[in-house]
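Rule-based calculations on the coordinates, nothing more; no lab input. What you are looking at is a predicted structure, and each value in this text was computed from that prediction instead of being measured. Cβ atoms come from the backbone with ideal geometry, glycine included; neighbour counts cover every protein chain shown.
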Amino acid sequence: MPGAAVALPPQLREGDRLSSAEFIRRWEAMPSLKRAELLGGVVFMPSPVSLPHALTHGEIYPWVWLYKELTPGCQSGLECTWLMGVEEVTQPDIFLRVLSECGGQSDDAGNYPSGAPELIVEVTGSTMSRDLGVKLDIYRRVGVREYVTMLLHTKQVIWRQLVRGRYKELKPAVDGLLHSTVFPGLWLDPAAVWDPKISIRTAVELGVKSAEHAAFVRKLAAKQRK
């Protein structure tokens, strides 16, 4: 006799109201769907990705990746699904975190990271209202310590740091660069994000040669040995 048919869960649809567990259950049954988010218990489906978004994304990730490569105890990735709460499953463009064994604030729950990475980057075009609205509020509430948005329409970089439960915009240092307060040595020249004549690697290559970065690497190594 033929085997009984396997009942698949309903498909994800824009506007569905779900728990994070049900969201993941339905998504895992849809292998062709690559991007979706649950924000405040509401399903958001992917928007078309423009060429400027793809190009900016392609420029930014190597900047984060290079820092990770030169900072043992850190981990970076892109477009990863994060379990941030019972109603929050986000898929940020880029993340950078300290590994839990080195004192980081996030962990893993099976195939997915859980909690909040120390830093998130969103390239913001068609999703501006989401990135600067509900997602900004979620990242603040769950404790993402630095939130960087790259605004395509106005060619702006806004780097926020979490200070006493609120996001405060990080201002350039005297050298004109943005300096992370969570990841010493993670430096960024905002102009390099938009000007192809300026290498985005230059600032971070300087940053990882700083005394602050060397001290941070020693601190992470000491925590891992405990």
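Where the only charges are on Cβ atoms (+1 Lys, Arg; -1 Asp, Glu), what is the dipole of the chain about its Cα centre, to the nearest 20 debye?
520 debye
Quick check for the chain: number of Lys pairs with alpha-carbon distance under 19 Å, counting only pairs 8 or more apart or on different chains?
Lysine pair count for the chain: 8.
Under the Karplus relation 6.51 cos²θ - 1.76 cosθ + 1.60, θ = phi - 60°, what is the ordered set of whole-Hz ³J(HN,Hα) values for region 204-209, x standing for Gly and Pro?
Karplus-based 3J(HN,Hα) across region 204-209 equals 6, 5, 6, x, 6, 9 Hz.
At what distance in nm do the modelled label points of Leu70 and Trp194 sit from each other, each positioned 7 Å from its Cα along Cα→Cβ?
Output for this residue pair reads 2.6 nm.
Express the C-alpha Rg of the chain as a ratio against the empirical globular expectation 2.2 N^0.38 Å, rounded to two decimals.
In units of the globular-protein estimate, the chain measures up at 1.09.
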